[in-house]
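Novice: Before I ask anything, let me first share the structure, which is written out below as structure tokens.
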Amino acid sequence: MSNKIINDFSITVGTVNGSGSSTANNTILRALFKMGIPVSGKNLFPSNIQGLPTWYTIRVNKDGYIARREEHDIVVAMNPNSFTRDQAETAAGGAFFYADDIKQPITRTDIFTYPMPVKSIVKSDPNIPSDYRDLVGNMVYVGVLAQILGIDLDKINAALTFHFKNKQKPIDMNFNTVKAAAEWTKANLEKKDPFYVEPMTKTDGLIMADGNTAAALGSIFGGVQFAAWYPITPATSLAEALNDYLPQLRKREDGKHTYAVVQAEDELAAIGMSIGAGWSGLRSMTSTSGPGLSLMTEFAGLAYYSEVPVVIWDVTRIGPSTGLPTRTSQGDLTFVAFIGHGDSQSVILLPGGVDECFEFGWKAFDIAERLQTPVFVLSDLDMGMNQWMSKPFTYPNVPMDRGKVLWEKDLEEIKGNWGRYLDKDGDGIPYRTVPGNKSPLSSYFTRGTGHDEYAKYSEEAPVWLKNMDRLEKKYETAKQYVPAPVLHKMSGATVGIIAFGSTEAAVLEAQHQLATQHNLKTDFLRVRALPFTDEVTAFIKKYDQIFVVEMNRDGQMDQMLKIDYPEYGAHFQSVAYGDGLPASAKWVREGILAKYKKPVTAKVAGAAKKSPAKVKASKTATGSRSNHAAGRKTASKKISSAKTKATSKRK
Amino acid sequence: MTETLPMAGTNVQVNLAGLAKNDYRGNPTTLCQGCGHNSISNQIVSALFEMNIVPENVIKFSGIGCSSKSPTYFMNRSFGFNSLHGRMPSIATGALFGDHHAKGLGVSGDGDTASIGMGQFKHIIRRNVNMVYIVENNGVYGLTKGQFSATSEVGLSLKHQGVNQYMPVDICMEGLASNATFVARSFAGNPKQVKELLKAALAHNGTALLDIISPCVTFNNQDNTFHSYAWGKDHEEPLHDITYIAPRNEIVLEREMDEGEVREVGLHDGSTVILKNLEKGYDPTNRFEALRVMEEARRNNWLITGLLYIDPTKPALTDTYNLTDTPLNRLTQADLRPAPDKIDLINSLMF
């Protein structure tokens, strides 16, 4: 083979859901990672326990681009029901491995095909009990691929050892099958395809983990004390990771617990309990996904208005409704931004990878307690449930920020002179006490009804206005505390890209392709929080064209930007796409190219800035496909600023 | 209505906690005059005062409705959380983890508990959260001006609503079905019994369900209906005279009890309830009996009152979590953040 393709391809495995292939797939992924080759693995699975077709796709890339690759270079077909499709979807010049008991025709002549005697290899090993044969059968394709591609068997052994937690019996049973398959391949198959793996050192010092585990670990290092949750894909494994790691990481000599995890009866109760615990002074959290978040909406409004710190993880899946429960999305952004009825503004953190799931895990508590408000962390199914290469987790670099809490001696010092909703410091953040405080000066009555600065019931219009204005001021203050965006600069950039969350890998790859293949140089700003910070403002001012890339239909980040920066509305070009699959560089690149307008002269761009008519036109265009929440918000902002003026006049 | 404050210079009677009754009071009520709920609020003040409970050790909770407004009418020195409609149980469940030495005192209504909040109600019962759960049950939605509730009896006729077609929910029966450890029913028109049951409920370790028929004088007080004063007075069938006796190490005047049909139940904190049986020879630790007398009352159209069921042996929710003696909300970074070397451990646990 003259044109070797080394460390740059995709492997897609088609199996039957529930057949135990995840062990095999993770083994390939981990072995490649241990060989030092940048790699990612994505489970594209149905909402089903057993029987439906499922795929796992691995991206191997020497340059570190690990977004999902749409082309399937190497395909492994283990499922008769998806055999035809798997064969058809193999890229021209690709390699097609299939279980030889699938008696279906090979119709492609432009791909390299390899039959695998899965059943006979497994049957020939007397140490495999008959009821394990199907499970272990998946190791056959691991062994065949290892031999054909050159995956190091020692690294496969290391991956199995990790997976089976050093239990020798299952390690041996699986590894023996891998070896047998590799030996059979060596003796019976001739290498024809161009794909090879070779060891590198590019994963040195990195770890491999999923976002949900990282989020749970981060929460534990953030001192989580209370978590209530209800099972929902793809968030369940976050709460389960709390259960797994809390006993180990928060072990005390006296055996007592510093935390409680409660599985609630539904999401209404999960957030209710979490808010109750946050109100009583605990670092409190819940984790859910879209449908659960819908149920949490009324409570989120209560927590916003009564100013209770709580952290809410939304591991987003694609909706509306039940949608595709096992497919990824960034479709909850505007919902969360305006969650609750009436006027509300949410603090949202947007982790971009596994290490940031850890970091925002602890940081979210600091921000929630500092601001006394719910903090939403938007991860997604792809980041939450798939294995990602990551920088190792790092210890929190700042002490915990417990915010403005008054205990007995504080109250004594200020002689009880405090008001629960009194803006003493001018930053919109009041002081609070928590139940259990023994001072007779500590108590107050919390309510979702109108209240004055001393938490007393009030229906007076000026009292209502003053409180709502303070909450708006607090949201301004939030900008000092939320994470700043990450800028990926490129010299000579003429346009900007804004994205968030798990699309980073796809955007970075697209950024590279646009520069090298289309001579379009871009600066890429990965936004990490709402409200938008000054760095976001500065970036927006810099470019006449900014492509807002996101995994949803409506361009929700684009909507948020247009609401907050109406004067730059014409700069934003929405590149939104949501089909439930993890982002690929291809759709980012093609989406940007489809919207890209070559600047004619510099003057035209300047004129666009000044022309209010153009800005308006663009807003209307967006309005036709934006959701009503965004429209509502725009209206409410206008009224609110008018109100402020009226109030100041009266004064 | 609140009682008149003592004149300056008069001797104020204090309890063993060194507090006067005024230390247990709240704001003036904004409910209708004659509302059964006000009578219950007064008994809450008396019960807590007489039990020498420090207000700072009590956390008040409520949902939404007339009943749920009442926690502002007592115990101003206690923290309180007026939550969402039907969601008091979840707020209380979480909040009581903050300081597990505190006692919860929740006030809900029949709409808040038996309609919108039925799910959370049954689950807090099943978890045995350490709180008194009072249902001020008037069989009607008062705050929205007179709609049927889930406890309204069949055939009840209300202005704008017509005639109720649906069978009522029996809150005590629901509680018992969910493995409640304390179930009692009372009638706001019998304040002495309300107070004694409240004391027993406060001493109980776990969720103490107290269903108090509390007539709505504005929307549901027709003499012939189940939730009215007149009907209650005529049809109330107390199971026993109930007396709460504080733990023995406190100085209390023990009332003389009649010999014979007396049953004592020891509570978690060393106190006792003494039940002087009326006719029925009733054993409140027998769950089967509790269900039987409730069914019997339903068939005979009685308003059966008293301590229907108690199991003082089951642990409360926070007891099952083996929490630090220091309240969780007083723990600091040293208790909560794993040591720096643990970061290497978790990185090594990843692949």
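The values are calculated or read from the model by the stated rules, or taken from the named source; none is laboratory data. Note that the coordinates shown come from a computational prediction; the quantities given were computed from them, not determined experimentally. Note that we place each Cβ from the backbone using ideal geometry, even for glycine, and neighbour counts take in every protein chain shown.
Novice: For region B:311-344: of the residues being more than 8 Å from every other protein chain (Cβ to nearest Cβ) and closer than 30 Å to A:THR161 by Cα, which is surrounded by the fewest Cβ atoms within 10 Å (Cβ to Cβ)?
Specialist: B:ASP341
Novice: Select, from B:SER78, B:SER115, B:SER39, the only residue that is surrounded by 24 or more Cβ atoms within 10 Å (Cβ to Cβ) and closer than 30 Å to B:THR144 by Cα.
Specialist: On the way: B:SER115 fails: surrounded by 24 or more Cβ atoms within 10 Å (Cβ to Cβ); B:SER39 fails: surrounded by 24 or more Cβ atoms within 10 Å (Cβ to Cβ).
On inspection, the qualifying residue turns out to be B:SER78.
Novice: Separate question: Within region A:572-590, track down each residue that is crowded, with 20+ Cβ neighbours inside 10 Å, over 27 Å from A:SER344 (Cβ atoms) and not hydrophobic (A, V, I, L, M, F, W, C).
Specialist: Within region A:572-590, A:GLN573, A:PRO582, A:SER584, A:ARG589 meet the criteria.
Novice: Is there any pair with a first residue in region B:180-194 that is farther than 24 Å from B:ARG287 by Cβ and a second that is surrounded by 24 or more Cβ atoms within 10 Å (Cβ to Cβ) and of a type in the set (A, V, I, L, M) whose Cβ atoms are under 6 Å apart and which are 6 or more apart or on different chains, and what are they?
Specialist: B:ALA188/B:ILE40; B:ALA188/B:ILE212
Novice: Here is a follow-up. For A:THR326, which of the numbered conditions (1) hydroxyl-bearing (Ser, Thr, Tyr); (2) touching an Asp or Glu at 6+ places or on another chain (Cβ under 9 Å); (3) assigned to a strand (DSSP E or B) fails to hold?
Specialist: Result: A:THR326 passes all but (2).
Novice: Pick from B:GLY65, B:GLY86, B:GLY26, B:GLY34: which is on the phi > 0 side of the Ramachandran plot and within 11 Å of another protein chain (Cβ to nearest Cβ)? Spell out the reasoning first.
Specialist: On the way: B:GLY65 fails: within 11 Å of another protein chain (Cβ to nearest Cβ); B:GLY26 fails: on the phi > 0 side of the Ramachandran plot; B:GLY34 fails: within 11 Å of another protein chain (Cβ to nearest Cβ).
The unique qualifying residue is B:GLY86.
Novice: May I pose another question? Could you check, for region B:175-188, whether at least one of its residues is more than 14 Å from every other protein chain (Cβ to nearest Cβ), part of a helix (DSSP H, G or I) and surrounded by fewer than 24 Cβ atoms within 10 Å (Cβ to Cβ)?
Specialist: Yes, region B:175-188 contains a residue that is more than 14 Å from every other protein chain (Cβ to nearest Cβ), part of a helix (DSSP H, G or I) and surrounded by fewer than 24 Cβ atoms within 10 Å (Cβ to Cβ).
Novice: Here's a follow-up. List the number of the failed condition for A:GLY301; all other conditions in (1) without any contact (Cβ under 8 Å) to a residue 24 or more places away in the chain; (2) under 30 Å from B:PHE79 (Cα atoms) hold.
Specialist: If we test A:GLY301 against (1) without any contact (Cβ under 8 Å) to a residue 24 or more places away in the chain; (2) under 30 Å from B:PHE79 (Cα atoms), just (1) comes out false.
Novice: Within region A:227-235, is even one residue more than 23 Å from B:ASN322 (Cβ to Cβ), in contact (Cβ under 8 Å) with a residue 24 or more places away in the chain, among the β-branched types (Val, Ile, Thr) and out of contact with any Gly (no Cβ under 7 Å at 6 or more places or on another chain)? Break it down into steps so the answer makes sense when it comes.
Specialist: The first filter runs over region A:227-235 and keeps only residues more than 23 Å from B:ASN322 (Cβ to Cβ), leaving A:230-235.
If we keep only those that are in contact (Cβ under 8 Å) with a residue 24 or more places away in the chain as well, we get A:230-235.
Subset that is among the β-branched types (Val, Ile, Thr): A:232-233.
So of that shortlist, the ones also out of contact with any Gly (no Cβ under 7 Å at 6 or more places or on another chain) come out as A:233.
There is at least one residue in region A:227-235 that is more than 23 Å from B:ASN322 (Cβ to Cβ), in contact (Cβ under 8 Å) with a residue 24 or more places away in the chain, among the β-branched types (Val, Ile, Thr) and out of contact with any Gly (no Cβ under 7 Å at 6 or more places or on another chain).
Novice: Here's something else I'd like to know. When only residues in region A:496-519 that are touching a Ser or Thr at 6+ places or on another chain (Cβ under 8 Å) and crowded, with 21+ Cβ neighbours inside 10 Å count, which is farthest from A:PHE365 (Cα to Cα)? Even if it seems obvious, please write down each step before you answer.
Specialist: The initial filter retains those residues of region A:496-519 that are touching a Ser or Thr at 6+ places or on another chain (Cβ under 8 Å), namely A:496-497, A:501-502, A:505-506, A:511, A:514-515.
From the residues that got through so far, the ones that are crowded, with 21+ Cβ neighbours inside 10 Å too are A:496-497, A:501-502, A:505-506, A:511, A:514.
Values: A:GLY496: 32, A:ILE497: 30, A:GLY501: 19, A:SER502: 22, A:ALA505: 27, A:ALA506: 30, A:GLN511: 34, A:LEU514: 39 Å.
For region A:496-519, the residue satisfying everything is A:LEU514.
Novice: I need the helices (runs of 4 or more DSSP H) fully contained in region A:453-553, keeping only those with at least 2 residues that are among the aromatic types (Phe, Trp, Tyr), within 14 Å of another protein chain (Cβ to nearest Cβ) and under 27 Å from A:ASP332 (Cα atoms). Let's see the steps before the verdict.
Specialist: Numbers: elements: A:461-478, A:504-518, A:534-542.
Passing ranges: none, list empty.
Novice: Still on this structure, please answer the following. Check every one of the helices (runs of 4 or more DSSP H) wholly within region A:63-170 and list those with 2 or more residues that are of a type in the set (Lys, Arg) and more than 36 Å from the chain's Cα centre (by Cα). First the steps, then the outcome.
Specialist: Details: elements: A:83-89, A:118-123, A:133-145, A:153-163.
Correct list: A:118-123.
Novice: Which one of A:TYR56, A:TYR98 is in contact with a Lys or Arg (Cβ under 8 Å, 6 or more places away or on another chain) and either within 17 Å of A:LEU189 (Cβ to Cβ) or not assigned by TED's automatic domain parsing to the domain that holds A:PRO582 (or both)? First the steps, then the outcome.
Specialist: Details: A:TYR98 fails: in contact with a Lys or Arg (Cβ under 8 Å, 6 or more places away or on another chain).
Only one candidate qualifies: A:TYR56.
Novice: Return the residues of region B:40-71 that are assigned to a helix (DSSP H, G or I) and closer than 15 Å to B:GLU136 by Cα; say none if nothing qualifies. Explain how you work it out, then say what you get.
Specialist: Residues of region B:40-71 assigned to a helix (DSSP H, G or I): B:40-50, B:55-57, B:66-71.
If the condition is that a residue be assigned to a helix (DSSP H, G or I) and closer than 15 Å to B:GLU136 by Cα, then B:ILE40, B:SER41, B:ASN42, B:GLN43, B:ILE44, B:CYS66, B:SER67, B:SER68, B:LYS69, B:SER70, B:PRO71 are the ones that fit.
Novice: Give the residue, chosen from A:ASP523, A:ASP564, A:ASP558, A:ASP534, that is farther than 22 Å from A:VAL375 by Cα and either surrounded by fewer than 22 Cβ atoms within 10 Å (Cβ to Cβ) or in contact with an Asp or Glu (Cβ under 9 Å, 6 or more places away or on another chain) (or both).
Specialist: Details: A:ASP564 fails: farther than 22 Å from A:VAL375 by Cα; A:ASP558 fails: farther than 22 Å from A:VAL375 by Cα; A:ASP534 fails: farther than 22 Å from A:VAL375 by Cα.
Only one candidate qualifies: A:ASP523.
Novice: Another question, if that's okay. Among B:PHE97, B:PHE121, B:PHE79, which is over 18 Å from the mean Cα position of the chain (by Cα) and either within 25 Å of B:LEU317 (Cα to Cα) or modelled with pLDDT of 95 or more (or both)? Even if it seems obvious, please write down each step before you answer.
Specialist: Details: B:PHE121 fails: over 18 Å from the mean Cα position of the chain (by Cα); B:PHE79 fails: over 18 Å from the mean Cα position of the chain (by Cα).
From the options B:PHE97, B:PHE121, B:PHE79, the qualifying one is B:PHE97.
Novice: Looking for whichever is out of contact with any Pro (no Cβ under 9 Å at 6 or more places or on another chain), at pLDDT below 95 and at negative phi here; the options are B:PRO312, B:PRO340. Which one fits? Outline the logic, then answer.
Specialist: Details: B:PRO340 fails: at pLDDT below 95.
B:PRO312 is the lone residue from the list that is out of contact with any Pro (no Cβ under 9 Å at 6 or more places or on another chain), at pLDDT below 95 and at negative phi.
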